[in-house]
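Notes follow once the structure below has been shown.
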Amino acid sequence: MTKDQVLAILAREKEFVSGERISEQIGVTRAAVSGAVKALRKDGYEITSVTNRGYRLESGPDHLTAGSIGAFLPEARMGSVLVMEQVDSTNKKLRELSYEGAPDGQVVIADAQTGGRGRRGRSFYSPEGKGIYMSYLLRPDTAPAETVSLTAWTAVAVARAMEKVSGRAPSIKWVNDLLLNGGKICGILTELSVESETGMVDSIIIGIGVNVNQEQEEFPEEIQEIATSMAAALGHPVSRAALGAAMVAELDRMRAEWPAARADYLEAYRQLDITAGSDVMVLAADGARSAKALCINEDFSLEVEYPDGRKEALSSGEVSLRICR
Ligand code: BTN
């Protein structure tokens, strides 16, 4: 879309860019460029235009669009990043695209979800204009068992993106929650599909929901005590476009480095983890048990010890965990 391309160029350049250069770069007429600038101003972007110099982007709202995200990513990468105003669930949308042959690394990002899904059949609060709801497609040529650690790798990748953009790294609550000031700012839902003939992985969809700019009071009562946003924890808003792009870049790096960089991701995970050493409640299908979390094992499973001295390595699929304070 011309508007997104013009915005991406202006945001990338930060200086005056002539209408002629923009029109040549994206292959449209000067009139189309001027129309796009008009539309962007209507969306709340402040764009100065000076004769013989062109256009310069002065400021803009915190919109999550292909244009705003594209300002932070190479143009070619945006070819497989679909940005939507609203969708029921980005995981569901990406699943459809994967059936149609979407490539490894395909991304779907939405500004709002009407049916955001969490782990264990829960819903994920996904209001418009405040968060990032992203799904990332992987098509590794591997057996399902090899992919169990991907949720943990993703937690590291997203934490790195957050640190890059906000200056502060979140902590990780095993296995897939990112926290700031003890409140949940991000959840990850990984969904796997397997080829029935070969038993090999067909595709993996990693869904990531981030609470970015909500005020603390905005969260629904049932998650008020558990959830927070990056802005509420840091005391200032965070650019969703910059964060969304940084997440794509870090996930691209993870895709390129998986599984060879296991030691690096494991070390980073252990550094950010706040679970090991805590008293926890292990919530399994057959009930809840208290335990002491001992350490993160080499395969990213969590080693726990029960009051009777029995030890167990928990892997992500089986349980959910509450840290007792
Ligand atoms: C959890 O904490 O339970 C996991 C939440 C995962 C939410 C994300 S938002 C983007 C993607 N689409 C969904 O429907 N869910 C995931």
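Quick check on segment 35-45. Is at least one of its residues at pLDDT 95 or above and closer than 22 Å to Val165 by Cα?
No - not one qualifying residue is present in segment 35-45.
Please work out if Glu100 is in contact (Cβ under 8 Å) with a residue 40 or more places away in the chain, acidic (Asp, Glu) and surrounded by fewer than 20 Cβ atoms within 10 Å (Cβ to Cβ).
no
Let me confirm something: among Arg262, Arg270, Arg289, which residue is surrounded by fewer than 18 Cβ atoms within 10 Å (Cβ to Cβ), touching a residue at least 60 places away in the same chain (Cβ under 8 Å) and of a type outside the set (Ser, Thr, Tyr)? Spell out how you get there, then give the answer.
Working: Arg270 fails: touching a residue at least 60 places away in the same chain (Cβ under 8 Å); Arg289 fails: touching a residue at least 60 places away in the same chain (Cβ under 8 Å).
Going through Arg262, Arg270, Arg289 in turn, just one is surrounded by fewer than 18 Cβ atoms within 10 Å (Cβ to Cβ), touching a residue at least 60 places away in the same chain (Cβ under 8 Å) and of a type outside the set (Ser, Thr, Tyr): Arg262.
One line per residue, one yes/no per condition, for (1) in a loop (DSSP other than H, G, I, E, B); (2) of a type in the set (S, T, N, Q); (3) under 20 Å from Asp62 (Cβ atoms):
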site: Ala102; (1), (2), (3): yes, no, no
site: Gly129; (1), (2), (3): yes, no, yes
site: Leu137; (1), (2), (3): no, no, no
site: Ala145; (1), (2), (3): no, no, no
site: Val156; (1), (2), (3): no, no, no
site: Ala159; (1), (2), (3): no, no, no
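Return the only residue of Arg119, Arg160 being in contact (Cβ under 8 Å) with a residue 12 or more places away in the chain, within 9 Å of the ligand (Cβ to nearest atom) and crowded, with 18+ Cβ neighbours inside 10 Å.
The match here is Arg119.
Where in segment 10-97 are there helices (runs of 4 or more DSSP H), lying fully within it, with 1 or more residues that are loosely packed, with under 15 Cβ neighbours inside 10 Å, out of contact with any strand residue (DSSP E or B) (no Cβ under 6 Å at 6 or more places or on another chain) and among the hydrophobic types (A, V, I, L, M, F, W, C)?
Fully inside segment 10-97 and qualifying: 30-42.
The values are calculated or read from the model by the stated rules, or taken from the named source; none is laboratory data. This one's a predicted model, so the numbers in the text were calculated from it and none came from an experiment. Using ideal geometry, Cβ is built from the backbone for each residue, glycine included, and neighbour counts are taken over all protein chains shown.
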